[in-house]
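*Asks:* Sending over a structure as structure tokens; questions will come in a sec.
None of the figures in this text is laboratory data; all of them are computed from the coordinates on show. What you see is a predicted model, and the numbers here were worked out from it, not measured in a lab. Please note: Cβ atoms are built from the backbone with ideal geometry, for glycine as well, and neighbour counts cover all protein chains shown.
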Amino acid sequence: MAHNPMVSICMPAYNHAPFLPAALDSILAQTFRDFELVVVDDGSTDGSFEILESSARKYPDVMRVLTHPGRQNLGISVTSNVVVKEARGVYFCPHASDDVSYPDRLERQVGFLESHPEIDWVYGTADFIDEQGARFEGQFGHDLSAFPDLAEELVLDNRIAGATVLIRTKCMLEVGQFEPELMYGDWEFFIRLAARCPSAFLPGAVAGYRCHGYNSSLIFPFDASLERRLENLRHSLEAITALRRKADAADVQLGRPRIKGLLDLRRAAFLILLHQRQSASLAAAEVFRSDPSFRGDLKHLAHCLRHFGSLRLALMMIRELGFPPSWLADKDFVSALLRMGLQRVSSRG
């Protein structure tokens, strides 16, 4: 490559040999051609590395393949950090090694960012596809542009489809690396990104999100075992806990009282699901200490509680609100409690 490309498509790869050819083909078929493809193999043992090397030999002007020293397996976040370090483009395009991009993805997204310099990154939706690449009902990703604060909304749940994101590389460097110890480092990273850099939602699916029995997350509701669901909860709790520690030392965007309070509330919800009730109670008590204004913003608290659907968490928050019970006069809050109570009765029935 004689010049720095406009886009760096960056792919951490690990044991996705059945899906790699389709992922690579979808990148090489982009209508926008000024890009590089940087792949870091995370110690694959299923022939993925051989597939990547073969493709790189065919397309040496476009594709680079790297590995960790000794072809170690160091995890998704460490591998993603290597990919970010290697990126040379003006724009950074993350790409999972089992997903596919639609042909006009880069053309649409680069065109938008080039004409909107005030926006630092874009996201959209991805169609669900099965192991054979066929689409089926549903999409991953939501239009969150109606919410006044994207970072706050992302604390409640990871609703950004990483398969659809394009980011100015300078923003990647400003926000900082993925947390190396986290399995769900992308969620933690997107919250930090949203707190610092303005974004836009582009309608229309730009990618296919591959659903199979060994996805690293549970975005799509497979009939997972209890052990798998608990593992998902533990990884999610780790991501939110790491972010909460950073918020205490962060600048004005991430360190805002409301972000801290929401992180405490999100931690409490996960701890309840993991049956760590004492720790959940302590986290719930921190909500109003982190953000005293939450006590008078019951509409937002009701929004969060409806999202979590945890009656136990709602009762913890009532205890923290204390007396007099001003929440009884708030229709949104009472409605949220009644809805969760009815859901609990219905689930038992």
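*Asks:* Quick one: compute a quarter of the convex hull surface over the Cα atoms of the chain and quote it in nm².
*Replies:* Details: hull surface 75.4 nm².
One quarter of the hull surface, i.e. the mean projection, equals 18.8 nm².
*Asks:* Relative contact order (percent) for the stretch 7-210, with alpha-carbon contacts under 8 angstrom and 6 or more residues of separation?
*Replies:* On the way: 415 pairs, mean separation 53.7, N = 204.
Relative CO of the stretch 7-210 lands at 26 percent.
*Asks:* Looking only at trypsin sites (Lys or Arg not before Pro) in DSSP loops with at most 16 other Cβ atoms within 10 Å, what is the longest site-free stretch of the chain?
*Replies:* Values: sites that count: ARG33, ARG88.
The answer is 89-349.
*Asks:* In addition: Evaluate E = 1/(1 + (r/R0)^6) for ASP332 and GLU86, where r is the Cβ-Cβ distance and R0 equals 41 Å; express this FRET efficiency to the nearest 0.05.
*Replies:* On the way: r = 48 Å, r/R0 = 1.17.
FRET efficiency, ASP332 to GLU86: 0.30.
*Asks:* On to the next question. Against the longest alpha carbon principal axis of the chain, how many degrees, from 0 to 90 and to the nearest 10, is the axis of helix 226-248 turned?
*Replies:* Roughly 80 degrees, rounded to the nearest 10.
*Asks:* Kindly provide log₁₀ I(q)/I(0) values, in the same order as q = 0.20, 0.22 Å⁻¹, from the Debye equation applied to equal alpha-carbon scatterers of the stretch 66-183.
*Replies:* Listed by q, the Debye log ratios stand at -1.40, -1.52.
*Asks:* If you bin the C-alpha pair distances of the stretch 7-210 every 5 Å from 0, what whole percents do you get?
*Replies:* 1, 8, 16, 21, 22, 18, 10, 4, 1, 0
*Asks:* Near VAL287, within a Cβ-to-Cβ distance under 12 Å, what is the net charge of the other residues, with Lys and Arg +1 and Asp and Glu -1? Walk me through the intermediate numbers first.
*Replies:* Values: positive: ARG244, ARG258, LYS260, ARG266, ARG267, ARG289, ARG295, ARG319; negative: ASP264, GLU286, ASP291, ASP297, GLU320.
Around VAL287, the surrounding residues sum to +3.
*Asks:* Among PRO257, PRO12, PRO203, which one moves the most in a GNM of the chain with springs linking Cα atoms closer than 10 Å?
*Replies:* PRO203
*Asks:* Quick check: the angle from helix 298-308's long axis to the longest principal axis of the chain, C-alpha only, nearest 10 degrees?
*Replies:* It is inclined by approximately 60 degrees.
*Asks:* Please determine, in degrees from 0 to 90 and to the nearest 10, the orientation of helix 311-321 with respect to the longest principal axis defined by the Cα atoms of the chain, where the helix direction is its Cα long axis.
*Replies:* 60 degrees
*Asks:* Just how many pairs of Lys in the chain have C-alpha atoms closer than 18 Å, counting pairs that are eight or more places apart or on different chains? Each step should come with its number before you reach the end.
*Replies:* On the way: LYS85/LYS170; LYS246/LYS260; LYS260/LYS299; LYS299/LYS331.
For the chain, qualifying lysine pairs total 4.
*Asks:* Over the stretch 226-348, what is the relative contact order in whole percent, taking alpha-carbon pairs under 8 Å and six or more residues apart?
*Replies:* Values: 112 pairs, mean separation 24.3, N = 123.
Computed value for the stretch 226-348: 20 percent relative contact order.
*Asks:* Now for a separate question. When VAL155, VAL175 are ordered from fewest to most other Cβ atoms inside 10 Å of their Cβ, what list results? Present the calculation step by step, with values, prior to reporting the outcome.
*Replies:* Details: VAL155 28, VAL175 21.
Going from least to most buried by this count: VAL175, VAL155.
*Asks:* Suppose a student asked you for the relative contact order of the chain, using Cα pairs under 8 Å spaced at least 6 residues apart; what percent would you report? Write out the running numbers ahead of the final one.
*Replies:* Details: 588 pairs, mean separation 49.8, N = 349.
Computed over the chain, the figure is 14 percent.
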